[in-house]
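To start, the structure under review is shown below, and the notes come after it.
The values are calculated or read from the model by the stated rules, or taken from the named source; none is laboratory data. In this text, all values refer to a predicted model and were calculated from it rather than measured experimentally. Cβ: placed from backbone, ideal geometry, glycine included. Neighbour counts: every protein chain shown. Note: areas computed on protein heavy atoms with side chains; ligands, DNA, RNA excluded. Shrake-Rupley method; radii C 1.70, N 1.55, O 1.52, S 1.80 Å.
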Amino acid sequence: MSTFGASAQHTFSVAPQERDPYVYQVGFGNRFASEAIPGTLPVAQNNPQKAKYDLYTESLNGTPFVTPRRENQSAWLYRIRPSVAHQGFTELPDNPDLESCFLPLNPKVHFSPTQLAWYPFDIPSDSKIDFVSGLKTLAGNGDPTLREGLAVHIFAANESMGKRAFVNSDGDFLILPQQGRLDIQTEFGKLMARPGELVVVQRGIKFKVGLPDGPSRGYILEIFGSHFELPDLGPLGTHGLANPRDFESPVASFDLDQSPWEVVYKVGGKLFSCKQEHTPFDVVAWHGNYVPYKYAMEKFVHVGSIQRDHIDPSIFCILTAKSKTPGAPLADFLIFSGRWDVATGTFRPPYYHRNCASEMMGLIYGDYGGRSDEFAPGGFSFENGFCPHGVSYDEFKKATEAELPPMRVHEGTLAFMFESSMQVTITDYAMKRTGKLHEHEPKMWDNLKGQFVNHLDQINADLKAAGLPLLGSQS
């Protein structure tokens, strides 16, 4: 097998780095064009009668044809053999730990008002498991057939995919490696993702995952029905949070390989095997805006209060995905990493709250303090909607009595949150089969006593001075 790719000379690009040998085009949502062989792309048309070098022209649409132009996503690919050159589909045995339907009638999903947490998930060592075989679902809502919903998966693998590729026909994958780099080959080219970077591979795009550092583990947010976009900045203006120029997409790269391959399709949560006598990674040139991308989360530009109080956690949002309800996101992806906290006269930890959002957190690296659940890299936590949550009494007491100098918080840490305005269900696998589940200990809040009553004398004096009725004593 021989591999050929575009060089930095033929595109606006990011040059290779020490642990990333690939070249990238920069920008978010751009209409890119890339050629592994200069002059391959047709001029002033998409579908020529005869493509250069007898390549096959193939269209890939990520949105319906009549979607407004500002939201329309598509690509044209010029490849050695078309995707239809295959030998048919065979349904694979069910993976009981992989789930895509989260409707209440599904007996394999559960609701929980309780805060839940999982210790770090194991990486398999007793058998060979690649990225696809290592997918396991923790939570989700909706269903891909309804084009509305999401799924949260973890992956744990110890083997590269070799001559095996994967296509998710249900939704877009946001992939977060937590241990070890992922060498991701797509139809559009190659991306290397390390812990601290995210990768988005959209619905319908073929890709495979290699493990250059050995066994790997990480998290995935899958969305059904919409695509990720950058959040609006409102009064922040033009810049801040995740800047568009920091997103990186691959350049064209193709293999000359006419040997047997397997392409695994996920359709409605079920897996199907498709055999073919050629590599799926044979795209010599392409153009469009339906393209995989990655982002280094250390580049995120934090904003926050420079006087007092908290700003809502939406200021930590890197990517968002719309739901069918205007103003209510299907999913937000937020991060918590090293930054300054300078608010004065303010309770600095997360305040006690109940909100119309389901919160699911993971930790890529570092120490996310102030929790009672032994939250560690590779673990996970879940808090559902309006169920109350907040810090322990010890953290509360410390925060109400501490000096408040400007200080760095979450230094050397990268935690993230998948947040949804929808109710989220928990899978059978997450509730029964991980061996890692533990509930938050409610006793952490036992000492949050009603200290108000310790001030009745002062309160009654204030009420009397104001000419208001006094409070009675409390037994």
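Suppose we filter 69, 81 for residues that are among the basic types (Lys, Arg) and out of contact with any strand residue (DSSP E or B) (no Cβ under 9 Å at 6 or more places or on another chain); which single one remains? If you could, list the steps in order and put the result at the bottom.
Numbers: 81 fails: out of contact with any strand residue (DSSP E or B) (no Cβ under 9 Å at 6 or more places or on another chain).
From the options 69, 81, the qualifying one is 69.
Of the residues that sit in the stretch 85-137 and are out of contact with any strand residue (DSSP E or B) (no Cβ under 9 Å at 6 or more places or on another chain) and of a type outside the set (D, E, K, R), which one is farthest from residue 255 (Cα to Cα)?
Per the criteria, the residue is 113.
Does residue 122 meet the test of being among the charged types (D, E, K, R), open to solvent by 40 Å² or more (accessible area, probe 1.4 Å) and farther than 26 Å from residue 420 by Cβ? Walk me through it before giving the result.
On the way: among the charged types (D, E, K, R): yes; open to solvent by 40 Å² or more (accessible area, probe 1.4 Å): yes; farther than 26 Å from residue 420 by Cβ: yes.
For residue 122, the condition - among the charged types (D, E, K, R), open to solvent by 40 Å² or more (accessible area, probe 1.4 Å) and farther than 26 Å from residue 420 by Cβ - is met.
Filter the stretch 18-57 down to the residues that are of a type in the set (S, T, N, Q) and touching a His at 6+ places or on another chain (Cβ under 9 Å), then identify the one that is nearest to residue 248 (Cα to Cα).
Residues of the stretch 18-57 that are of a type in the set (S, T, N, Q), as a first pass: 25, 30, 34, 40, 45-47, 49, 57.
Among the residues that remain, those that are also touching a His at 6+ places or on another chain (Cβ under 9 Å) are: 34, 46.
Numbers: 34: 13, 46: 24 Å.
Top of the filtered list is 34.
Let me spell it out: the conditions are (1) modelled with pLDDT under 95; (2) farther than 14 Å from residue 351 by Cα; (3) touching a Phe, Trp or Tyr at 6+ places or on another chain (Cβ under 7 Å); (4) open to solvent by 30 Å² or more (accessible area, probe 1.4 Å), and residue 402 meets all of them except one. Which number is the exception?
(3)
For the stretch 429-455, give me each residue that is surrounded by 15 or more Cβ atoms within 10 Å (Cβ to Cβ) and either of a type in the set (Asp, Glu) or part of a helix (DSSP H, G or I) (or both). Steps first, answer last, please.
Step one: filter the stretch 429-455 for residues surrounded by 15 or more Cβ atoms within 10 Å (Cβ to Cβ), giving 429-431, 434, 436-437, 440, 444-445.
Across the stretch 429-455, the qualifying residues are 429, 430, 431, 444, 445.
Given the conditions (1) open to solvent by less than 20 Å² (accessible area, probe 1.4 Å); (2) of a type in the set (A, V, I, L, M); (3) at pLDDT 95 or above, which single one is not true for residue 357?
(3)
What is the one condition in (1) surrounded by 20 or more Cβ atoms within 10 Å (Cβ to Cβ); (2) among the aromatic types (Phe, Trp, Tyr); (3) assigned to a loop (DSSP other than H, G, I, E, B) that residue 351 does not satisfy?
The single condition residue 351 does not satisfy is (1).
With the stretch 170-278 as the region, which strands (runs of 3 or more DSSP E) entirely inside it contain at least 3 residues that are at pLDDT 95 or above, among the aliphatic types (A, V, I, L, M) and out of contact with any His (no Cβ under 8 Å at 6 or more places or on another chain)? Talk me through it step by step, then tell me what you get.
Values: elements: 172-179, 182-186, 189-193, 197-201, 207-210, 216-224, 247-250, 253-256, 261-267, 270-276.
Filter on the stretch 170-278 gives 172-179, 189-193, 197-201.
Please give the strands (runs of 3 or more DSSP E) falling wholly within the stretch 1-83 in which 3 or more residues are open to solvent by less than 70 Å² (accessible area, probe 1.4 Å) and over 30 Å from residue 147 (Cα atoms). Don't jump to the end; show me each part of the working.
On the way: elements: 2-5, 24-26, 32-35, 56-61, 74-79.
Output list reads 2-5.
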